[in-house]
Structure formats: structure tokens, C-alpha cells
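A short reminder: the numbers here are calculations on the coordinates, not readings from a lab. Note that the structure is a prediction, hence the values are computed from the model and not measured. When we count neighbours, we look across all protein chains shown, and the Cβ atoms used for this are built from the backbone with ideal geometry, even at glycine.
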Amino acid sequence: MTHIMVGDGVLPWWISTAGILAAVLLVSIASRQVSRVGSRRAVPATAVMTALMIVVMSVEIVPIGYELHGTVLAGIVVGPWFGAISALLFNVSRAFLGDGAITNIGLNTVITWLEMAIGSVVFASLLPFASLLPFALRGRASLCGGIATAVSLAVSTLVFLAIIALSGVDPGRAIHTGAFDVASGRFDVETLSEGLVSVHLPGEVHHPEETTAALTPFTWFAGATLFLGAIGWVIEGLVTGVTVAFLARIRPGLVGMSGDPGGQGRLTE
């Protein structure tokens, strides 16, 4: 539920088409930018961070249905423009691995890039202020990385919910659980589908007398997404913060901090 990538067949064609056009424009601009500010070291780093995101997003925190993203960490390391290239490669790879969407590659690329770009910008903006705090280098990096992660994921989730609202799609009918049984012609419910949050099958009505008229299916969906997502943001913020602190200790230049023992500076410089 808290994974914000959009699958095939969920959104109307005009939103998917708009996403493709937006992604083409984004990647075109990014391609020109990286040719100006890029370096040879950024190319392998982009490949590594893309592969890292593919692996990380395959790990799900089952009780809350949250998949770690790794997007903010990637954005901090490679920057927003190489991040756009990484976002496209990531979504193309995921789609052809069967865990993404062909028709919504464009839209998912834009959303993924949004996380990377916002995280990178927020992290870089916080560093000067963090230097005023009585923390060690690792502590400042960890704090900035955690805050940047939470802010970035919150914004991208709100954008995702805005797209769902704009599409007019009923989340209750767009989401299914279980595997399709050819013999019965229906979806069989998964073992864990009745966990913390119950997602009913399309067309299935449960206790209509208990339904609150004031709360639409989208309201329930948005509330659950934000509530469970907030838990995931905290977890991912801690993971990102620890990772950034480690990089700040061994190679500060990778995260835009001074004191790089190799004197190499940021990858995008």
C-alpha cells in the first residue's frame, strides 16, 4: 500500500500519456545537464545506485506493507540530474522484471526522480545549518539524511495521492490481493491480506451498515497510505541517516561534505 509506484491498468490513458511526456522532457533536460556537470565517476555511481534501488525495493516490511526506496540516498550521492537517468533505468528494469509497469514507466520515473531530487536538495540545504550544531561530522550527516528522507517521501506520497484523486479511480476497486485462480475465475485471498489493514477484493462489499458515508474510499485509502507511510518514512529515514553517516566518515565528498580524504569532491562536480 505504501509503495507509490503505479501499476498497469490502474490510471486512465491520458494520465499515463502525460507521465510519459513528462518523463521524456525530464530525461532530455537531465541529459543536457549531466553533459555539462557530469564526471566519469558519476556514471558507475549512477549504475550502482540504480542497482541498489532495485534490490532495496524488493524488500518489504510485511506488517505495514512498506517497501524501502533508497531513492533519497541515491539522490544525495549522484545528484538530481544523474538521478533522473537513474530513475528511468530503475523503472525500465523493474517493469521488465515484472515488478513495475510498462504503460506507467513515465509516471513512475517522474515520481521516483521527485524523491531523489527533493531529497538531494533538502539534504544540501540543511548541511550549512547543521554545521552550527554541536555534533560530529557523522551526526550532522545522519540528521540531515534522515530529515531529507522524511520530507522527500512525504511530498512524493502527496503527489501520488493527488494523481489518484485526479484520475477518479476508486482505490478499493483498483487494488486486488492474492493470486488469480483460473478454475474459479476469481482472486484467492492471500494469507496475510487480513493483517493490519484489510484490502477487499474488487466488487466485494463488507458490512455496508458499518460504512461511514462521510468517508469515501479515496479518503480511507489516503488515510491508510499516509499513516502506514509515516511509519515507513521514519524507518527509512533511520536507514538513510546511518548510511549517510557512514559515507561521511569514509568518503565525505560523496555526500557533499568537506574532509574527503581522497580530495575528490562530489561526483557531480
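Taking amide hydrogens as placed 1.01 Å from N in the peptide plane, the amide H of TYR66 sits under 5 Å from those of ILE61, each at least 5 positions away in sequence or on another chain.
With semi-axes defined as the square roots of five times the eigenvalues of the C-alpha gyration tensor, the equivalent ellipsoid of region 218-257 measures 33, 9, 4 Å, largest first. Using the Karplus relation 6.51 cos²θ - 1.76 cosθ + 1.60 with θ = phi - 60°, the per-residue 3J(HN,Hα) values for region 151-164 come to 5, 4, 5, 5, 5, 5, 5, 5, 5, 4, 5, 5, 5, 4 Hz, with x marking Gly and Pro.
If the chain linking ILE235 and ALA18 were pulled fully straight, counting 0.36 nm for each residue of separation and taking away their Cα-Cα distance, it would gain 74.9 nm. Backbone geometry of region 109-122 corresponds, through the Karplus equation with coefficients 6.51, -1.76 and 1.60 at θ = phi - 60°, to 3J(HN,Hα) couplings of 5, 5, 5, 4, 5, 4, 4, 5, 5, 5, x, 5, 5, 5 Hz, x marking Gly and Pro. In order along region 98-108, phi translates into HN-Hα couplings of x, 10, x, 8, 6, 6, 10, 4, x, 5, 5 Hz, rounded to whole numbers, per the Karplus curve 6.51 cos²θ - 1.76 cosθ + 1.60 with θ = phi - 60° and x for Gly and Pro. Which FRET efficiency value, to the nearest 0.05, do you get for VAL92 and LEU132 by plugging their Cβ-Cβ distance into 1/(1 + (r/R0)^6) with R0 = 51 Å? FRET efficiency, VAL92 to LEU132: 0.75.
The slack between ILE29 and TRP220, meaning 0.36 nm per residue of separation minus the straight C-alpha distance, is 65.0 nm. Here each label is just a point 7 Å from Cα along the line to Cβ, and for LEU158 and ILE61 those points are 2.1 nm apart.
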